[in-house]
Amino acid sequence: MAKERKVINARADAEGDITHVLLEGNQRFTSVGEAMRMADAGQLSNAHTVRRQNAKPHLRTNPDGQKRNNLDDMAGDT
């Protein structure tokens, strides 16, 4: 199994949807779709995929009581 990676930054589109994340050790952003596949495979240490009925699946950082490491905050949406 590959080493777990950590999401350290995020980018959003004009509507505020997260489109890309930056993984620790990378210089280029990874698409949120690829990051969701990585999360599903247990390759992300601080994020997971959320799937709800009647909603589009999305990536979310794991709860830890800190606001600064939420994807929206990383992307500057708040």
Inset, instruction - Considering only segment 31-55, state which residues are in a strand (DSSP E or B) and either basic (Lys, Arg) or free of Cβ contacts under 8 Å to residues at least 40 places away in the same chain (or both). - result: Ser31, His48, Thr49, Val50
Inset, instruction - Mind listing whichever residues of segment 56-78 are surrounded by 14 or more Cβ atoms within 10 Å (Cβ to Cβ) and without any contact (Cβ under 8 Å) to a residue 12 or more places away in the chain? - result: Asn70, Asp73
Legend entry - Filter result for Arg28 (at pLDDT 95 or above and either among the hydroxyl-bearing types (Ser, Thr, Tyr) or not in a strand (DSSP E or B) (or both)): yes
Inset, instruction - List the number of the failed condition for Gly76; all other conditions in (1) closer than 21 Å to Lys3 by Cα; (2) assigned to a loop (DSSP other than H, G, I, E, B); (3) of a type in the set (Gly, Ala, Ser) hold. - result: (1)
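Would you please name the residue that is nearest to the chain's Cα centre (by Cα), looking only at residues in segment 41-71 that are among the charged types (D, E, K, R) and closer than 19 Å to Glu24 by Cβ?
For segment 41-71, the residue satisfying everything is Arg60.
The values are calculated or read from the model by the stated rules, or taken from the named source; none is laboratory data. Values in this document were obtained by computation on a predicted structure and should not be read as measured data. Virtual Cβ from ideal backbone geometry, glycine too; neighbours counted across all protein chains shown.
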